[in-house]
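Read through the structure below, which is laid out as structure tokens, and then see the notes.
Just so it is clear, none of the values below were taken in a lab; they were calculated from the coordinates. Nothing here was measured: the structure is a model prediction, and the numbers come from that model. All Cβ positions, glycine included, derive from the backbone under ideal geometry; neighbour counts span all protein chains shown.
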Amino acid sequence: MHDNSQSKLAQIGTLYGISVGPGDPELVTLKGLRYLQRAKVVAFPAGIQGKPGIAQTIISPWLQPHQQQLSLHFPYVRDLETLTQAWNDAAQKVWNYLEQGQDVAFACEGDVSFYSTFTYLAQTLQHLHPDAIIETVPGVSSPMAAAAALELPLTARNQRLAVLPAIYTMGELESVLEWADVVVLMKVSSVYEQVWQVLQSYQLLDRSWIVERATLPQQKRYNLRDRPTLKLPYFSLLIVWVREPLE
């Protein structure tokens, strides 16, 4: 007897979450590049104000003319209802291709498992369509790229690393500085001046560095000493070496 369920499952395409790195197109892995170029449909987060998004810009040199590009809208808001609706809409658009047996490669800036839009897309798709097949390809995340830009090891020996996302309080930062050896602050631009004051009080300014737009041609890096104010872009990352490896 023919198993219709297995036949249907065999026809479903795969959603690939492709980590494309922090900005430099050459930091896409070989595996990620292979998956990107063989997919008939390549999806990515839409940019703002009609401009290409970062992931789209990263992968543009590698795409082929015959590939269909699918821009998915993920608003930069905190309202859960608005975000949930956007995730549902994006997941359904992807499913429309998957159920036709077409693979979809979703290009994700940085690494797909590290504060990634892909996480919400994949979880929503799995919830709405449990038969969905999802595979992820790891890549270079922004803390590693920033450390490379500074030509410094992110961690060494038995150092403890802490990563704080974009939303944190100064109390949380102070607490982390008490136990961590290296601290990474993601998207620090909105709280830079408060962070600078805290790091000054801990006498850590000489050990604190900002990297903006890591690996891109317009990449910049700053030491925090004598910089109580900085106008930083959204994609700015701060690394604090609280204690040296040999201390």
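A few points about this structure:
- Kirkwood Rh in Å, taken over the range 142-241 so that all alpha-carbon pairs contribute: 13.4 Å
- Among beta bridges that DSSP assigns inside the range 4-137, antiparallel share in %, nearest 5: 5 percent
- Checking (i) 167; (ii) 116; (iii) 158 against the coordinates, the calculated volume of the Cα convex hull per residue in Å³ falls under label (iii).
- Of all DSSP-defined beta bridges confined to the chain, some 40% are antiparallel rather than parallel.
- The chain: relative contact order as a whole-number percent, Cα under 8 Å and 6+ apart: 21 percent
- The label point for ASN96 and the one for ARG157, both projected 7 Å from the Cα toward the Cβ, are 5.7 nm apart.
- Gained length - GLN64 relative to GLN11, 0.36 nm times residue gap less alpha-carbon distance: 16.7 nm
- Most to least packed among 147-153, 157-163 [average Cβ atoms within 10 Å]: 147-153, 157-163
- Degrees separating the helix 80-98 axis from the principal Cα axis of the chain, which is the longest one: 40 degrees
- For the range 215-247 versus the range 71-144, the gap between their alpha-carbon centres in whole angstrom: 30 Å
- Exposure proxy ranking, count of Cβ atoms within 10 Å, fewest first, for LEU185, LEU177: LEU177, LEU185
- Mean ellipticity per residue at 222 nm, deg cm²/dmol - from DSSP H runs of n ≥ 4 across the chain, formula -39500 (n - 2.57): -10000 deg cm²/dmol
- Antiparallel %, DSSP beta bridges [both residues in the range 142-241], to 5: 75 percent
- Rounded to 10°, Cα long-axis angle of helix 117-128 versus longest principal axis of the chain: 40 degrees
- Taking the C-alpha atoms only, the angle from helix 170-179 to the longest principal axis of the chain is near 80 degrees.
- Lysine pairs in the chain with Cα atoms under 24 Å, if 8 or more residues apart or on separate chains: 12
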